[in-house]
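Novice: Next up is a structure, given as structure tokens.
A short reminder: the numbers here are calculations on the coordinates, not readings from a lab. These numbers were taken from a predicted model, which means no experiment stands behind them. No Cβ is skipped: glycine too gets one built from the backbone with ideal geometry, and neighbour counts run over all protein chains shown.
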Amino acid sequence: MEQYMDMSMDLLDKSESSSSSPPEPVSMAKFNELINTIDIWRSEMNSNMVSIRDDIKGSLSEIQAEIKSLRKDYTSLKQDVCNMNTEIACIQHSLQYQTEDYNALKKRVDDLARTANDQTMTATSNLMSRIDSLEQQARQTNVEICGVPERRNENLVGILEAISKSIHHPFTKGDLVAIHRVPHAHQGSNRPKNIIAKFTTRIQRDNILAAYRKTKSLKSDQLGIEGTPSAIYLNEHLTLQKKQLLRKCRETVRELNCKHVWIRNSTILVRETDDSPALAIRGEGDLEKLKNHKRK
């Protein structure tokens, strides 16, 4: 094709160069040669155009096939996404149902646990109260003697006889079932161990306590015990639970400036003033009532 272009340029150059001189007559042979050259050029251009058109058609066919494949893949992907959305919706619904079911079950378990815990605490409290009552009943003939100095090879019966003499209450060995010292509830205490005297009847226990209260004061030197005189106390033999309640009650009485606190028949009694009625304290709930009443 470049050859024909060169030929046409030569012809043009010749025509331009001849323009300055008078035109020469063109022969028929020259004209026919030019026509043939143009026809050849046109034929080759048409051939090239057909080749280019075929190439474009082939490329377009490939592109169309690729687009068709992409559309098919897109349709398949769209369907997969739709199916996945459906599955996700089902999973979410199932998860929501499981969550609601779990929450309902958890609430039921929590309610049952709370109820069981309340019932257990109530039953435990009732059982402990019952045990404490039975323990206190077993101690209803006991006297607890506090503050008696300990001596090696001491005669506890003789000490009890000396106490009976000091408080002016007749006592015979036949009235006594047993007498012994007991360990401290709290280890490490330097105080003498308390003495527990068990009598045959509750009346005998009450009589000796009544005689002690009338005396109002009893010291170790009155019992013939050598050394620095120390105060000696006689009390009803309370359970550990009642002793703890009595300690809290005394703290509350000091806090509220109440007048009296004492024990009668294993019951803690409080009197706010000399003229006010006695209040029975059987548990910490009664202490709270006393506090609320005093604060009003």
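Novice: Would you mind checking the pairs Lys78/Lys107; Lys214/Lys248; Lys219/Lys289 and listing those with alpha carbons more than 32 angstrom apart?
Specialist: Lys78/Lys107; Lys219/Lys289
Novice: Dipole magnitude of the range 139-237 about its Cα centre, charges +1 at Lys/Arg Cβ and -1 at Asp/Glu Cβ only, in debye to the nearest 20?
Specialist: It comes to approximately 140 debye.
Novice: Roughly speaking, what is the stretch gain from Ser266 to His93, that is 0.36 nm per residue apart minus the C-alpha to C-alpha distance, in nm to one decimal?
Specialist: 55.7 nm
Novice: Additional query: Which length gain, in nm to one decimal place, applies between Ile67 and Thr273 when the Cα-Cα distance is subtracted from 0.36 nm times their residue separation?
Specialist: Full extension of this stretch gives 63.7 nm more.
Novice: Calculate the length of the line joining the C-alpha centroid of the range 259-296 to that of the range 114-186, in whole Å.
Specialist: 23
Novice: Springs between alpha-carbon atoms under 10 Å, Gaussian network over the chain: tell me which of Val148, Val81, Val253 tops the mean-square fluctuations.
Specialist: Of the options given, Val81 has the highest mean-square fluctuation.
Novice: Under the Karplus relation 6.51 cos²θ - 1.76 cosθ + 1.60, θ = phi - 60°, what is the ordered set of whole-Hz ³J(HN,Hα) values for the range 241-250, x standing for Gly and Pro?
Specialist: Karplus values, whole Hz, x for Gly and Pro: 5, 6, 5, 5, 5, 5, 4, 5, 5, 5.
Novice: Could you give each residue of the range 203-215 its phi-based ³J(HN,Hα) in whole Hz, using Karplus coefficients 6.51, -1.76, 1.60 with θ = phi - 60°, and x for Gly or Pro?
Specialist: The phi angles translate into 4, 4, 4, 5, 5, 5, 5, 5, 5, 5, 5, 5, 5 Hz.
Novice: Right, next: As a footprinting exposure proxy, order Cys249, Cys82 by other Cβ within 10 Å, with the fewest listed first.
Specialist: If I rank by nearby Cβ atoms, fewest first, I get Cys82, Cys249.
Novice: I would also like to ask the following. Which of Met28, Met121, Met84 moves most in a GNM of the chain, Cα contacts under 10 Å?
Specialist: Among Met28, Met121, Met84, the largest mean-square fluctuation in the Gaussian network model of the chain belongs to Met28.
Novice: Counting other beta carbons within 10 Å of each Cβ, put Thr267, Thr75 in order, fewest first.
Specialist: The fewest-first ordering by Cβ neighbours comes to Thr75, Thr267.
Novice: What per residue convex hull volume, in Å³, comes out for the range 239-296 when only alpha-carbon positions are used?
Specialist: 68
Novice: Comparing Lys193, Lys243, Lys30, which has the greatest mean-square fluctuation in the GNM of the chain with Cα pairs linked when under 10 Å apart?
Specialist: Looking only at Lys193, Lys243, Lys30, the biggest GNM fluctuation is shown by Lys30.
Novice: Related question: Relative to the longest principal Cα axis of the chain, at what angle does helix 28-138 sit, 0 to 90 degrees, rounded to 10?
Specialist: Rounded to the nearest ten degrees, it is 10.
Novice: At 25 °C and a viscosity of 0.890 mPa s, what translational diffusion coefficient does Stokes-Einstein give for the range 181-296, taking Rh as the Kirkwood radius over Cα pairs? Give it in µm²/s as a whole number.
Specialist: 149
Novice: Here's a follow-up. Mind checking which lysines have their C-alpha under 18 Å from Lys173, skipping anything on the same chain fewer than 8 residues away?
Specialist: Answer for Lys173, where 18 Å is the Cα cut-off: Lys165, Lys198, listed by chain and number.
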